[in-house]
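The values are calculated or read from the model by the stated rules, or taken from the named source; none is laboratory data. Since this is a predicted model, take the numbers as computed values, not measurements. FYI the Cβ positions are ideal-geometry reconstructions off the backbone, even for glycines, and counts take in every protein chain you see. SASA here: full protein model, heavy atoms, side chains in, ligands and nucleic acids out. Shrake-Rupley method; radii C 1.70, N 1.55, O 1.52, S 1.80 Å.
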Amino acid sequence: MSLQKRLDYAYAVGRVRALEVHLISRPVFAEAAEAKDFTGAMKVIVDAGRFQEDRVEFRDSQDLDGYLESERDALFADMAALFREDIFLRILRQRQRPRDLWTLVGPLSSPFLRDYVRHLLDLNNLKLFLRARYLERPLERMAPLFLQGGFIENEKLIRNFDLPFSDISELLHATPYRDLWDRAVDTLQEQDSFFDLERGIEDFLMNFLRRARRIVFGPEPVFAYALARLKELELVRLVGVGKLVQIPAAVLSGRISETYV
């Protein structure tokens, strides 16, 4: 991306830098998880963040979902005004349906955005791989589901589909995913849970996004802020619904992933 195109984002980056200071940190969500009830948890969160309304009455999860949907709509409206290219909004909206992401991001000249999507594709494939192995799904059924475009070639996963988990760990030694894989496998074997896999993926991607805070001009800080805010809204729902159904505070706190700040 040329210097001039990056400078075109000067206002947008300044805007998101001002918004970043209102993002909610993980300790605040952990404090909310420890609150005695849903109302107390929501007060901790709303007081710490930036929302369209300072005081909101939530009676149930339906109220909460409606409110969070309005916050997402407001975020996308803000981002539509800040992005110079529509493709960034398309990537944001496609983030949870990654099959076509590589086609979208391929023409971009930003290594940061391309690498983010490639990591997202890799992690989607590793999650699919581990779940397929655990559930004993046949390779011929699973092979077409692996996504193209990641750093790890699909053929490598397919070729080694039947290897023991420890051997897969060795295959990942030159990637940034080995520790994540090992923790996920340990938890799966000891607790029959994919919790560490899901949490590890979320933490990895958020830690990667934080690098955008060092980029002075360009679309990357805007894109990273938008994803950070979307994740924040997901965490608001996680804590809110968790309190409504009375998930123990320790369990709820353990499910809170890394945040942007």
task: Would you indicate which of (i) -0.46, -0.95, -1.07, -1.34; (ii) -0.39, -0.82, -0.95, -1.34; (iii) -0.35, -0.75, -0.88, -1.33 is the value of log10 I(q)/I(0) by the Debye sum over Cα atoms at q = 0.09, 0.13, 0.14, 0.17 Å⁻¹ derived from the coordinates of this structure?
output: (i)
- prompt: Which one of V117, Q191, L104 has its Cα pushed farthest toward the positive end of the charge dipole of the chain, where Lys and Arg give +1 and Asp and Glu give -1 at the Cβ?
  reply: L104
message: Calculate log10 I(q)/I(0) of segment 189-261 for q = 0.14, 0.17 Å⁻¹, where I(q) comes from the Debye formula with a single equal point scatterer on each Cα and nothing for solvent.
response: -0.53, -0.72
- prompt: Where nothing but the Cβ of Lys and Arg (+1) and of Asp and Glu (-1) is charged, how large is the charge dipole of segment 164-210 around its Cα centre, in debye to the nearest 20?
  reply: 260 debye
message: Are there DSSP H segments in the chain that both extend 27 Å or more along their axis (alpha-carbon positions) and score a mean Kyte-Doolittle hydropathy of at least -1.0? List them, or say none.
response: 61-82, 111-134, 220-244
field: segment 165-213 - accessible surface per residue (Å², probe 1.4 Å)
entry: 51 Å²
task: May I ask you to rank E170, E140 by accessible area, largest first, using a 1.4 Å probe over the protein chains only?
output: E140, E170
message: Over the chain, how many pairs of lysines fall under 23 Å by alpha carbon, counting only those 8 or more apart in sequence or from different chains?
response: 6
message: Given contacts defined as C-alpha pairs under 8 Å and at least six residues apart, what's the relative contact order of the chain, whole-number percent?
response: 34 percent
task: Could you work out the local net charge near S166, counting Lys and Arg as +1, Asp and Glu as -1, over the other residues with Cβ closer than 12 Å to its Cβ?
output: -3
- prompt: Based only on the alpha carbon positions, what is the Kirkwood hydrodynamic radius of segment 66-147, in angstrom?
  reply: 14.7 Å
- prompt: Between E136 and E170, what is the FRET efficiency for a Förster distance of 30 Å, r being their Cβ-Cβ separation, to the nearest 0.05?
  reply: 0.85
- request: Averaging sequence separations of C-alpha pairs under 8 Å and six or more residues apart, then dividing by the length of segment 31-167, give the relative contact order as a whole percent.
  value: 13 percent
Assigned charges on the beta-carbon of Lys, Arg, Asp, Glu; the chain dipole about Cα centre (debye): 780 debye
message: If DNA, RNA and ligands are ignored and the probe is 1.4 Å, what is the ranking of W102, W181 by accessible area, most exposed first?
response: W102, W181
message: Viscosity 1.002 mPa s, temperature 20 °C: give me the Stokes-Einstein translational D for segment 1-141 in µm²/s, with Rh taken as the Kirkwood radius over C-alpha pairs.
response: 115 µm²/s
- request: Multiply the residue separation of E155 and V261 by 0.36 nm, subtract the distance between their alpha-carbon atoms, and state the gained length in nm to one decimal.
  value: 34.4 nm
